[in-house]
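Accompanying notes for the structure given below.
The values are calculated or read from the model by the stated rules, or taken from the named source; none is laboratory data. If you're wondering where the values come from, they're calculated on a predicted model, not measured in any experiment. When we count neighbours, we look across all protein chains shown, and the Cβ atoms used for this are built from the backbone with ideal geometry, even at glycine.
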């Protein structure tokens, strides 16, 4: 449907000029004889009329007002059509009342006739229509009747207003001249379940410098934001009151830690262990061999035991698509059953103090596993802290994976509790296949992929895997509180309280969700996290995974252009100037990414960041949390960390590792907390240990007065740019230094 101008934008016979304030009449001379027009300017001698007529007509034409010669084009207007593409969005015009939602409304976007050709569009819209409001940092779009001067779009002319005098400019602007549509995002992350208004004032000018006409002094669109964080809070409460365990079929006696498999205790004196080896199920066919590799282990100082245990958790994700079945936001998802997951544990040497060894929990990254604990806890045991870790949901390869502990000539083999599965049907199981929905491949007898169909849950992304992982870690916290007897004889026990949590990368992402939500945890260090997930992927080395999703979408969203991996999104970062000529197909990709962010907020650390200090839940305990980021991170890029810190007003709690000032400046610094090859490893772990061991009381600057660590970050703009060429430019990754 073609958009129509604002109702107040109708043309009248006598309209005041927005430039002069004078009345003008565009139809003033219609039907008037030329001789009547001449009178104000000529004295016609009737005796000379026949000789002067031609001259009079010519002169009259020269002296006519310009509007009489050619009426000017109407000034540009904001369209107010009846479809999302022909009016300001977001808008509550596309919602319906729904008492089962916390906001009282539900999204109601129009869905086109669905065929195999556009199935991804329909799947996306059907998922959006389950949400109880609009995104918390929505892509705001304004369609116009003609071109505008983008330079006239300022914080005073294009913004979002809200309760209590709140106002935030719309930034990261994109002007699409092919459609006359302006897009951008609110500078501030918005509050959940709150009503806001998009405002476009007549300070926005057309390309001739004339203000917008109609809508009075401004055009407006009111919208209500979704809820994102209550779901995880409800799942946490269900662990606390036991209903989650009961619904999953986990009895009270089975909610603790197990250290026995097949009658053999999987706890080993550290001094006797010569090698730890993992065997990963990388093929769906259980008859195929496992892939073996040595687990790197630098956690040796002060260590008494290495243990490989397991525990039962309520499983919420489906096995076929790795999604949590949707329920209205006033309800709580129910587990589909239980799942036994594995954990690793490093216990200090010597006799534990009264009450048991203090415990820290470590959260591994994306595609990583619980075995990263052996690189993440070098210093803890010597300080008398036991450390444990469990896999992210859907990680650690297939369920037939094993771990082998070598003690000289003796080898003990037991389950590695892999959580992965061949979700895409290609016969392989990757390191993270199982954490979220994937495409679905058809493979012929020779193993060649003959067809590839998108998941109907593609835009849900990693949301539910992050929620499930957080629930698993919460369950680990509660098993510690039940009491852990490592050897079974009461001689080596853990304290019935988790001293603190620290997580790296993905572990910093779900760790932010965990620390913001779990009332049982108050101390945490969150390393190199950020969000939202789609933004991480498009700016990082994971861009190829995002390209696969765009490729298989129906219709495909790969648009070519200069961008790496076959697509060009033409999306500016916060410090970039407006994009005024997006590549063909880019705005469709932008819309897709916006919808993915919208759907993924319940599993997005950015949505949870305000819960720490800006809008803490009622009754929540005080939190002692710091974050670590690395200059030029190419895996979780700095702008995605900055997005999270800005949403929660957290910059004062960020320690910034200046990899550009170290001998390893040319390497991606993302893994500095674990990777022995990077200069900041020992310093980063030292800060973690000091903060957790003091209950969050002490934040050290790991290099003192040196230049490598900023505690806190000095130039916040450094967290708004990548410090390497943006992938959409087509320039391959190269590290660069300098301030933003």
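Observations
- Screening the candidates 327, 295, 313, 347 for the property of being under 35 Å from the mean Cα position of the chain (by Cα) and closer than 23 Å to residue 410 by Cα yields one hit, 295.
- Filter pass, residue 548 being in a helix (DSSP H, G or I), surrounded by fewer than 23 Cβ atoms within 10 Å (Cβ to Cβ), at pLDDT 95 or above and out of contact with any helix residue (DSSP H, G or I) (no Cβ under 7 Å at 6 or more places or on another chain): yes
- Against the test of being loosely packed, with under 15 Cβ neighbours inside 10 Å, at pLDDT 95 or above and not in a loop (DSSP other than H, G, I, E, B), the options 121, 96 yield a single qualifying residue, 96.
- Residue match in region 439-446 (condition: surrounded by 22 or more Cβ atoms within 10 Å (Cβ to Cβ) and not assigned by TED's automatic domain parsing to the domain that holds residue 135): no
- Residue check, residue 411 within 22 Å of residue 264 (Cβ to Cβ), surrounded by fewer than 20 Cβ atoms within 10 Å (Cβ to Cβ) and assigned by TED's automatic domain parsing to the domain that holds residue 257: yes
- Matching strands (runs of 3 or more DSSP E) fully within region 358-416 where at least 3 residues are closer than 13 Å to residue 306 by Cα and touching a residue at least 12 places away in the same chain (Cβ under 8 Å): 386-390, 402-407
- Exactly one residue out of 303, 323 is crowded, with 17+ Cβ neighbours inside 10 Å, more than 30 Å from residue 537 (Cβ to Cβ) and modelled with pLDDT of 95 or more, and it is 303.
- Residues (in a loop (DSSP other than H, G, I, E, B) and either under 16 Å from residue 224 (Cβ atoms) or modelled with pLDDT under 95 (or both)) located in region 174-201: 189, 190, 191, 192, 193, 194
- Of everything in region 351-382 that is in contact with a strand residue (DSSP E or B) (Cβ under 6 Å, 6 or more places away or on another chain) and on the phi > 0 side of the Ramachandran plot, the residue that is surrounded by the most Cβ atoms within 10 Å (Cβ to Cβ) is 356.
- Meets criteria (farther than 24 Å from residue 366 by Cβ, in contact (Cβ under 8 Å) with a residue 12 or more places away in the chain and touching a helix residue (DSSP H, G or I) at 6+ places or on another chain (Cβ under 8 Å)) for residue 739: yes
- Taking region 627-653 as the range and being closer than 17 Å to residue 611 by Cβ and either outside the structural domain of residue 685 (by TED's automatic domain parsing) or under 20 Å from the mean Cα position of the chain (by Cα) (or both) as the test, the residues that pass are 627, 643, 644, 645, 646, 647, 648, 649, 650, 651.
- The lone criterion from (1) closer than 30 Å to residue 127 by Cβ; (2) out of contact with any strand residue (DSSP E or B) (no Cβ under 6 Å at 6 or more places or on another chain) left unmet by residue 338 is number (2).
- Qualifying residue in region 497-506 (condition: part of a helix (DSSP H, G or I) and crowded, with 16+ Cβ neighbours inside 10 Å): yes
- From 514, 521, residue being in a loop (DSSP other than H, G, I, E, B) and not assigned by TED's automatic domain parsing to the domain that holds residue 619: 521
- Taken over region 688-703, the residue count meeting the criterion of being buried (at least 19 other Cβ atoms within 10 Å of the Cβ) and either out of contact with any strand residue (DSSP E or B) (no Cβ under 7 Å at 6 or more places or on another chain) or outside any loop (DSSP other than H, G, I, E, B) (or both) is 5.
- Taking the listed residues 152, 161, 221, the one that is without any contact (Cβ under 8 Å) to a residue 40 or more places away in the chain and either closer than 27 Å to residue 96 by Cβ or outside the structural domain of residue 615 (by TED's automatic domain parsing) (or both) is 161, with no other qualifying.
- Residue pairs whose Cβ atoms lie under 8 Å apart, separated by 6 or more positions or on different chains, with the first residue in region 682-695 and farther than 15 Å from residue 653 by Cα and the second modelled with pLDDT of 95 or more and part of a helix (DSSP H, G or I), are 685/376; 689/383; 693/383.
- Verdict on residue 619 being at positive phi and modelled with pLDDT under 95: yes
- Residue match in region 145-161 (condition: touching a helix residue (DSSP H, G or I) at 6+ places or on another chain (Cβ under 8 Å) and at pLDDT 95 or above): no
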